[in-house]
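The values are calculated or read from the model by the stated rules, or taken from the named source; none is laboratory data. Please read these numbers as outputs of a predicted model, since none were measured by experiment. Here the Cβ positions follow ideal geometry from the backbone for every residue, glycine too, while neighbour counts run over all protein chains shown. To get the accessible areas, we keep the full protein, side chains included, count just its heavy atoms, and leave off ligands, DNA and RNA. Shrake-Rupley method; radii C 1.70, N 1.55, O 1.52, S 1.80 Å.
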Amino acid sequence: MSEPLLSVREIHTYYGDSYVLQGVSLDVPAGTIVAILGRNGMGKTTLIRSVAGLTPPRRGDVVFKGRSLRGRPPYAIAQAGMAIVPQGRRIFRSLSVRENLLLPTSRLARASRTAADGRRTHWDLGRVLEEFPQLAERIDHPGGALSGGEQQMLAVGRALMANPDLVLMDEPSEGLAPLLVRQVEQIMKSVREHGHAILLVEQNFALAMSVADHVHVVSSGRFVFQGPPDALSREVDILDYHLGVSGSR
Ligand SMILES: Nc1ncnc2c1ncn2[C@@H]1O[C@H](COP(=O)(O)OP(=O)(O)O)[C@@H](O)[C@H]1O
Ligand SMILES: [Mg+2]
């Protein structure tokens, strides 16, 4: 009976004539972390954009909570319970931490989702600041004055404010020092513990392997591996050729 929260079915996505995703399928069950690994330019961000309706697939389907998202604009998809933590964080540098968290788009999404599932945390400003005390300390600072790690927390906090079922995270560890990568890892595990699912795109192999329940490796717009992390760790050729990590873990 348990239909996955998100089901991506054989999607083909283009930018003009450029054919990027060439028949990609994946499932994200509720409350799990599914990671997409792959080198630069292989189509990871395009997958996120396809799911979120920013670059809709030309063929195939994305089904979220049992409903096709075909033809639905990004704001409607967000309202259905999906939030993005975009590559490069995209926080508003001149707005304060508080203003970033209370952006109208978050409010819009939140307003339509008041009847949250009982076991899940209902996120509001107070709960987000409890979860990220470092943000509470800097609540009136401009977003641009935060460190890279704090900006990442802000981007995650902003996504949680919409009380999404699914969070799409595009390279949350990019540009962060190792200590902060550990912090991002903890944040993702905590988001999962709170009952949200995550579709994670990463180039950081160790991070993805440590948090994910299921892993896909993308190469030139197709999946060349899918399975649990421990199965991937035994695929020496895939690790070496598609991910540039060699040896076993
Ligand atoms: N807006 C765009 N217009 C045209 N081509 C794009 C655009 N965005 C990405 N691409 C191309 O699509 C391919 C996949 O890009 P992307 O999904 O961003 O890769 P990744 O996130 O894995 O680094 C690359 O060849 C990239 O050059
Ligand atoms: Mg990318």
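Within segment 40-74, which residues are closer than 16 Å to Leu200 by Cα and touching a helix residue (DSSP H, G or I) at 6+ places or on another chain (Cβ under 7 Å)?
Of everything in segment 40-74, just one residue is closer than 16 Å to Leu200 by Cα and touching a helix residue (DSSP H, G or I) at 6+ places or on another chain (Cβ under 7 Å), namely Ala52.
Table: residues versus (1) of a type in the set (Phe, Trp, Tyr); (2) on the phi > 0 side of the Ramachandran plot; (3) more than 16 Å from ligand 2 (Cβ to nearest atom).
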residue	(1), (2), (3)
Thr13	no, no, no
Gly16	no, yes, yes
Gln22	no, no, yes
Gly31	no, yes, yes
Phe64	yes, no, yes
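Of the residues that sit in segment 87-104 and are part of a helix (DSSP H, G or I) and surrounded by 14 or more Cβ atoms within 10 Å (Cβ to Cβ), which one is nearest to ligand 2 (Cβ to nearest atom)? Explain how you work it out, then say what you get.
At the first step, the residues of segment 87-104 found to be part of a helix (DSSP H, G or I) are 97-101, 104.
Imposing the further condition that a residue be surrounded by 14 or more Cβ atoms within 10 Å (Cβ to Cβ) reduces the set to 97-101.
Working: Val97: 26, Arg98: 29, Glu99: 27, Asn100: 22, Leu101: 25 Å.
Ranking the candidates gives Asn100 first.
Residue by residue through segment 1-29, note down the ones that are outside any strand (DSSP E or B) and either open to solvent by 70 Å² or more (accessible area, probe 1.4 Å) or among the basic types (Lys, Arg) (or both). Show your work before the answer.
Looking only at segment 1-29, we keep the residues that are outside any strand (DSSP E or B), and these are 1-5, 16-17, 29.
Within segment 1-29, Met1, Ser2, Glu3, Asp17 meet the criteria.
If you go through segment 50-86, how many residues are among the hydrophobic types (A, V, I, L, M, F, W, C), open to solvent by 30 Å² or more (accessible area, probe 1.4 Å) and assigned to a helix (DSSP H, G or I)?
Here is the first cut: in segment 50-86, the ones among the hydrophobic types (A, V, I, L, M, F, W, C) are 51-52, 54, 62-64, 69, 76-78, 80, 82-85.
Now drop any that are not open to solvent by 30 Å² or more (accessible area, probe 1.4 Å), which leaves 54, 78, 84.
Imposing the further condition that a residue be assigned to a helix (DSSP H, G or I) reduces the set to 78.
Residues that pass the stated criteria total 1.
Looking for something out of contact with any Asp or Glu (no Cβ under 6 Å at 6 or more places or on another chain), more than 20 Å from Ile198 (Cα to Cα) and of a type in the set (D, E, K, R) - is there at least one such residue anywhere in segment 51-68?
Yes.
Can you name every residue in segment 95-126 that is modelled with pLDDT of 75 or more and of a type in the set (Gly, Ala, Ser)? Lay out the reasoning, then the answer.
The initial filter retains those residues of segment 95-126 that are modelled with pLDDT of 75 or more, namely 95-103, 121-126.
Within segment 95-126, Ser96, Gly126 meet the criteria.
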